[in-house]
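Notes follow the structure.
Every number here is computed from the coordinates shown, using simple stated rules; none is lab data. Just so it is clear, the structure is predicted and the values come from calculations on it, not from any experiment.
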């Protein structure tokens, strides 16, 4: 699966699981900044999409995911951990799984 296809499917899953959320692709001039922004229940999350668990990370991606997670919620997400990340998001956003 290509990353863009996974990203598109993930955006749909986010909108279904978090009705009324704003889920958008981040267009940034900051190299390595996460791909997706999710706004829900007065909180936000950044997600960096990868096509697989062993896909390489670009320079600065680990640092931006770490820093954003310190501020709110941020994860690398790929098909193999998608459900785990969605469950973590439900807890973070204050919803029961």
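Observations on the structure shown:
- The angle between the Cα long axis of helix 82-92 and the longest principal axis of the Cα atoms of the chain comes to about 50 degrees, rounded to the nearest 10.
- The chain, relative contact order [Cα under 8 Å, separation at least 6], %: 23
- GNM top mover of 74, 28, 52 - the chain, alpha-carbon springs below 10 Å: 28
- Extension gain from residue 39 to residue 54, taking 0.36 nm per residue of separation minus the Cα-Cα distance: 2.6 nm
- Gyration tensor verdict on segment 1-48 (Cα atoms; rounded if a/c is under 1.5, prolate if a/b is larger than b/c, oblate otherwise): oblate
- Taking 87, 54, 41 as the candidate residues, the one with maximal mean-square fluctuation in a Gaussian network model of the chain, Cα springs under 10 Å, is 54.
- Given [x] 0.93; [y] 0.96; [z] 1.01, the label whose value is Rg/Rh (Cα atoms, Kirkwood Rh) derived from this model: [x]
- For the options 26, 77, 65, a Gaussian network treatment of the chain with springs between C-alpha atoms closer than 10 Å singles out 26 as fluctuating the most.
- In a fully extended conformation the segment linking residue 16 and residue 66 would gain 15.4 nm over its present Cα-Cα distance, using 0.36 nm per residue.
- Over the residues of the chain, the helix contribution to mean residue ellipticity at 222 nm works out to -12000 deg cm²/dmol, using -39500 (n - 2.57) for each DSSP H run of at least 4.
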